[in-house]
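S.K.: I have a structure here, written as structure tokens, and I will follow up with some questions on it.
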Amino acid sequence: AVFQSFSIGSNIWVSKWSDDTEMFVNGTLDTVKRDTYVGVYGALGIGQAIFVLIAQLVMAIGCLQSSKQLHSELLFGILRLPIGFFDTTPSGRLLNRFGKDVDVIDNALPATLRAWLFCLAGVIATLVVISYSTPIFIAVIVPIGVLYYFIQRFYVATSRQLKRLESVSRSPI
């Protein structure tokens, strides 16, 4: 969210820079003013880049730790199961489930979470800017948000059922 603030700040700064009518004094360019605008714009860009880098590093470290922890807990649990479990559960299903969970943590989750967080920050920033500039927008966005919530609840239930069907169809290796 902090990087989105830098992005909004740089957009506002460029808008202020382009609206400045005092850039030219007596037909000559005021270089001090230009350098100030360029410096602040550059600092905002560097700040945005730094916070994006920090967010990416935190995400990578968190995903690595969660993957290690999930693998350890899965292995710990599987190695302590009674031998009868292995007689009744096909080994293909067990390996498929183990591999799928680790694959999701290693590959799918980081990309999805990163995209979701960037999108969430963008949506929140956009809603704040629009609500600030047009307050009547708040009266429109609240019912739309409630409608979205109910659609999302229906989608999650359907998505879970589809994932269960996919898992069952893949289990016999």
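A short reminder: the numbers here are calculations on the coordinates, not readings from a lab. Keep in mind that this is a model prediction, so the values were computed, not measured. Cβ atoms come from the backbone with ideal geometry, glycine included; neighbour counts cover every protein chain shown.
S.K.: Quick one: helix 2-19 against the long Cα principal axis of the chain, what's the angle to the nearest 10°, folded into 0 to 90?
M.R.: With both axes taken from Cα atoms, the answer is about 20 degrees.
S.K.: Classify the range 2-133 as rounded, prolate or oblate, taking a ≥ b ≥ c as the square roots of the eigenvalues of its Cα gyration tensor: rounded when a/c is under 1.5, otherwise prolate if a/b is larger than b/c and oblate if not. Spell out each step's value before the answer.
M.R.: Details: a/c = 6.15, a/b = 3.81, b/c = 1.62.
Note, shape of the range 2-133 comes out prolate.
S.K.: Spelling out what I want: for every residue of the range 35-44, take phi, set θ = phi - 60°, compute 6.51 cos²θ - 1.76 cosθ + 1.60 (Karplus), and round to whole Hz; glycine and proline get x.
M.R.: 5, 5, 4, 5, x, 5, 4, x, 5, 5
S.K.: Defining a contact as two alpha carbons under 8 Å apart and six or more residues distant in sequence, what relative contact order in percent does the range 32-173 show? Don't skip to the end; give the middle numbers.
M.R.: Numbers: 31 pairs, mean separation 53.3, N = 142.
The normalised contact order for the range 32-173 reaches 38 percent.
S.K.: Select from VAL25, VAL102, VAL123 the residue whose mean-square fluctuation is largest in a Gaussian network model of the chain (Cα-Cα springs shorter than 10 Å).
M.R.: With Cα springs under 10 Å in the chain, the top fluctuation among VAL25, VAL102, VAL123 is at VAL25.
S.K.: Now for a different question. Tell me the angle of helix 137-170 to the major Cα principal axis of the chain, expressed in degrees between 0 and 90 and rounded to the nearest ten.
M.R.: Helix 137-170 sits roughly 30 degrees off the main axis of the chain.
S.K.: Would you compute, from DSSP H runs of 4+ residues alone, the mean residue ellipticity of the chain at 222 nm, taking -39500 (n - 2.57) per run and dividing by the full residue count, rounded to the nearest 500? Mind showing how you got there, number by number?
M.R.: Values: 6 runs with 145 residues, N = 173.
Mean residue ellipticity, 222 nm, calculated: -29500 deg cm²/dmol.
S.K.: Excluding residues on the same chain fewer than 8 positions from LYS33, give the aspartates and glutamates whose Cα lies under 18 Å from its Cα.
M.R.: The qualifying aspartates and glutamates are ASP19, ASP20, GLU22.
S.K.: Give the angle, between 0 and 90 degrees and rounded to the nearest 10, that separates the Cα long axis of helix 91-103 from the longest principal axis of the Cα atoms of the chain.
M.R.: 10
S.K.: Under the rule a/c < 1.5 gives rounded, and otherwise a/b versus b/c splits prolate from oblate, where does the range 89-152 land using the Cα gyration tensor?
M.R.: Values: a/c = 10.35, a/b = 2.65, b/c = 3.90.
Oblate is the answer for the range 89-152, as a/c is 1.5 or above yet b/c matches or exceeds a/b.
S.K.: Find how much the distance from SER66 to GLU166 grows on full extension, using 0.36 nm per residue of separation minus their present alpha carbon separation; answer in nm with one decimal. Intermediate values should be presented prior to the final figure.
M.R.: Numbers: separation 100, 0.36 × 100 = 36.00 nm, distance 2.41 nm.
Gain on stretching SER66 to GLU166: 33.6 nm.
S.K.: Reachable aspartates and glutamates from LYS100, Cα under 12 Å, same-chain residues fewer than 8 places away excluded?
M.R.: Qualifying aspartates and glutamates at Cα under 12 Å: GLU166.
S.K.: I've got another one for you. Along the charge dipole of the chain, Cβ charges K/R +1 and D/E -1, which of PHE137, PHE150, PHE51 sits furthest on the positive end?
M.R.: Farthest along the dipole direction, towards plus: PHE150.
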